[in-house]
Amino acid sequence: MRSFILSENEMNEMAKRQPTPFLVLSTDKAAENYAFLRKHLPRAGICYAMKANPHPEVLKRLAGLGSHFDVASAGEMELLHQTGVDGSRMIYANPVHDERGLDMAARLGVKRFTFDDASEIPKLAKYVPDADVLVRVQVHNSKALVDLNTKFGVPLNEALPLLKQAENAGLHAKGICFHVGSQSLSTAAYEEALLLVHHLFTEAEASGLHLTDLDIGGGFPIPSAEGLAIDLAAMLRAINRQLDRLFPHTSVWTEPGRFICGTAMNLVTSVIGTKMRGNIPWYILDEGIYGVFSGILFDHWEYPLHCFGAGKKIPSTFAGPSCDGIDVLYRDFPAPKLAIGDKVLVSDIGAYTTVSATHFNGFEPAHICIWKDQQDLVAKRQEQEWSAKNIEAEEKRSLEL
Ligand SMILES: *Cc1c(COP(=O)(O)O)cnc(C)c1O
């Protein structure tokens, strides 16, 4: 699966028409990633975890493909509602629900909820008395980039008592959910989680509680800047085998976030300052760690940086525009010599980036344009240039003759 990456020409063409920094979002790529998951996990419904990238064009595109959505707050539900998504296609997958969220869920007809503590039961029973609930269990995985099992999930042995308590409060105990952690590089983490949850299903059945739903969360990885190759198809095949073997009659859901949008967006940013420190060139960009590069801190991520231009590559430092010393983005990055005004491209910057960007120091976060809207313009412009060049060459030749 190739990431969406603009060519140098396409990048320059777009940069002629708008100031940097800007982001280019390919909704086609997001749709392709969605289709990839549908193909390799055919039994699992998809609830896109919109916190990764809630751009309305992404939401619209996925909604059109039949996606459901994982939401965590009143704000997310409202945004989906404005996009035309019905509450029946949302799962409130934040295990702790605030009153605004519960009120919004009740008003929009959201029916599915996850929880991981008894203190949530009376809240749910009050606002959404006939809710379907799944209990979130803790699973361990040292091979995830982002740990989601310290703050979330109950130990396995507490899951069934919680579901029974929910039933007693009038809620519908539907099943179990887990999240192995984000950017999980381990197939075994999913397989082990499925095995443990299967024991819970059997135990529940024996005690008279029939569970029908399983939600295996997100965590599906994308290629990282270190160029680590991941055979996601093989990973999904293994998960699918385990699902078929252990949960042949269960209704299965996934909640991918990063995988849907991570590879679907590029950043175009310009060098706005240069300096030499020791023997190391420093390049100051017009986008930084307080902007869409915030994922470096919050998401522990490193984004592939593409510098164009010939020349010997030497270890260089790239930093953002703010007046904070923490605003350093890449160190020892092999780059050709760059000058003020040069553009650089950053790929795979579509998940957990724009959402955590700030206005620190008065720098506006990069604006987002949609590749579909630009594509024809860029292509037309390049065609014109080619034909202009051809005419020029033709004229030159006829002069020489
Ligand atoms: C963030 C989140 C996801 C998405 O995780 P990815 O690693 O981006 O796929 C899914 N489910 C829940 C409950 C989450 O909090």
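Side notes on the structure shown:
- Per residue Cα convex hull volume in Å³ - calculated over the range 86-240: 122 Å³
- For a straight C-alpha distance cut-off of 21 angstrom, the lysines reachable from Lys312 (same-chain residues fewer than eight places away being disregarded) are Lys275, Lys337, Lys343.
- Kirkwood Rh (inverse of mean 1/r, distinct Cα pairs), the range 232-364, angstrom: 16.9 Å
- About the Cα centre, charge dipole magnitude for the range 14-54 (Lys/Arg +1, Asp/Glu -1 at Cβ), debye: 20 debye
- Remark: the Lys389-Leu209 segment gains 57.4 nm on full extension, using 0.36 nm per residue and subtracting the alpha carbon distance.
- Cβ-based exposure ranking for Thr20, Thr83, in which fewest neighbours within 10 Å come first: Thr83, Thr20
- The range 56-112 - Debye-derived log10 I(q)/I(0), Cα point model, q = 0.23, 0.28 Å⁻¹: -0.81, -1.15
- Alpha carbon Rg of the range 181-251, scaled by the compact-globule rule 2.2 N^0.38 Å: 1.29
- Whole-Hz Karplus values for the range 72-77 come out as 10, 7, 4, x, 5, 4 Hz, taken residue by residue from phi with 6.51 cos²θ - 1.76 cosθ + 1.60 and θ = phi - 60°; glycine and proline positions read x.
- The angle separating the long axis of helix 159-168 from the principal Cα axis of greatest extent in the chain is about 60 degrees.
- Packing-based exposure ordering (other Cβ within 10 Å, fewest first) of Tyr330, Tyr127, Tyr48: Tyr127, Tyr330, Tyr48
- As a proxy for reagent exposure, ranking Met77, Met11 by other Cβ atoms within 10 Å from fewest up yields Met11, Met77.
- Helix 232-246 and the longest principal axis of the Cα set of the chain meet at an angle near 10°.
- Charge dipole (Cα centre; +1 on Lys/Arg Cβ, -1 on Asp/Glu Cβ; no other charges) of the range 248-351 amounts to roughly 500 debye.
- The rule of thumb for compact globular proteins, 2.2 N^0.38 Å, goes into the C-alpha radius of gyration of the range 88-172 1.11 times.
- Ordering 343-351, 96-104 by mean Cβ neighbour count within 10 Å, with the highest value first, yields 343-351, 96-104.
- Hypothetical label at Lys151: residues of the range 172-189 whose amide nitrogen lies under 19 Å (7 Å Cα-Cβ projection): 177-184
- Volume per residue of the convex hull around the Cα atoms, evaluated for the range 1-83, comes out as 116 Å³.
- Nearby lysines by direct alpha-carbon distance to Lys174 (threshold 22 angstrom, same-chain neighbours under 8 apart not counted): Lys111, Lys123, Lys126, Lys164
- Straight-line cross-link partners of Lys39 among the lysines, defined as a Cα under 22 Å from its Cα and at least 8 positions apart when in the same chain: Lys29, Lys60.
- Measuring nothing but alpha carbons in the range 324-398 and taking Rh as the Kirkwood radius, the Rg to Rh ratio lands at 1.13.
- Rotationally averaged projected area of the range 1-40 (alpha carbon convex hull; nm²): 3.3 nm²
- Computed over the range 155-210, the P(r) curve from all C-alpha pair distances, binned at 5 Å from the origin, holds 4, 17, 27, 20, 15, 10, 6, 2 percent per bin.
- An ellipsoid equivalent to the range 229-301, defined through the eigenvalues of its Cα gyration tensor, has semi-axes of 43, 14, 10 Å when rounded to whole angstrom and sorted largest first.
- Calculated diffusion of the range 11-147, Stokes-Einstein form, Kirkwood radius summed over Cα pairs, 4 °C and 1.567 mPa s, µm²/s: 77 µm²/s
- Residue with peak Gaussian network fluctuation, the chain [Cα springs, cutoff 10 Å], from Glu57, Glu385, Glu13: Glu385
- Charged-residue dipole, Cβ positions (Lys, Arg, Asp, Glu), the range 29-83 about Cα centre, Debye nearest 20: 300 debye
- Counting only DSSP beta bridges with both residues in the chain, the antiparallel share comes to about 40 percent.
- Rg/Rh ratio calculated on Cα atoms of the range 144-187 (Kirkwood radius): 1.11
- Backbone N within the range 281-309 under 12 Å of label point (7 Å from Ile340 Cα along the Cβ vector): 284
- Nearest 10 degrees, 0 to 90: helix 27-40 Cα axis against the chain principal axis: 40 degrees
- Under Stokes-Einstein, with the Kirkwood radius over Cα pairs as Rh, the value for the chain at 37 °C and 0.692 mPa s is 142 µm²/s.
No lab work stands behind these numbers, since they all come straight from the coordinates. Only a predicted model underlies this, so the values are computations on that prediction, with no experimental measurement involved. Cβ atoms come from the backbone with ideal geometry, glycine included; neighbour counts cover every protein chain shown.
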